[in-house]
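Report on the following structure.
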């Protein structure tokens, strides 16, 4: 019982996971890592990337901020800079992410565009996400657990005018990448910011802030 509580407690303190619907293939499996790397423009799947969402428990103003974040996510994913930042991500002097599940940067970018979640499999070129509201005074933006499709965003942050749609986009991207199957170290370490959820979340935030 104590171990179970500790596990849940840990997830609640993560500072930062699905898409509802079809499981049709977007054709991404036909694009090789070499093709992605060689392309000078973004793949069609980046331009057609969608968000299928359920959002519940938020105020109208909070929902508006979330939907602004959705728009920013799609615009960022469609950009060439997003692709470049992922393909060129370095850790310890090499082009790679930490906690990368054995995947190259190009494979991670491809997996992002495929949009196949662990609990909602199917390459449908989109985020399938079910976002629920909760509130805590703890310094936690949001959390999820590996055996549920939902993830939760702390209304305490959404209510702040200083917490921008770009930061919401970062958090949504971070949590969704957990749903795709990427993890990170629980405790803050020098490596954790280079994990897939954190690093791509930061890329999303920085590019969204410019739009």
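The values are calculated or read from the model by the stated rules, or taken from the named source; none is laboratory data. What you see is a predicted model; the values in this text were computed from it and never measured. Reconstructed Cβ throughout: ideal geometry from the backbone, glycine too, with neighbour counts over all protein chains shown.
Checking the condition at positive phi and touching a strand residue (DSSP E or B) at 6+ places or on another chain (Cβ under 9 Å), which residue from 93, 57, 102 passes?
Step by step, each of 93, 57, 102 is checked, and only 57 is at positive phi and touching a strand residue (DSSP E or B) at 6+ places or on another chain (Cβ under 9 Å).
Among the residues of the stretch 141-168, which ones are outside any loop (DSSP other than H, G, I, E, B), surrounded by fewer than 19 Cβ atoms within 10 Å (Cβ to Cβ) and touching a helix residue (DSSP H, G or I) at 6+ places or on another chain (Cβ under 7 Å)?
Hit for the stretch 141-168 is 155, nothing else.
Output the residue which, of all residues in the stretch 169-211 that are outside any helix (DSSP H, G or I) and under 14 Å from the mean Cα position of the chain (by Cα), is surrounded by the fewest Cβ atoms within 10 Å (Cβ to Cβ).
Only one residue tops the list, namely 183.
Inspect all residues belonging to the stretch 90-106 and state whether any of them is surrounded by 20 or more Cβ atoms within 10 Å (Cβ to Cβ) and either at pLDDT below 95 or assigned to a helix (DSSP H, G or I) (or both).
Yes.
Just to be sure before I move on: is residue 66 under 26 Å from residue 198 (Cα atoms), in a helix (DSSP H, G or I) and modelled with pLDDT of 75 or more in the structure I sent?
Yes.
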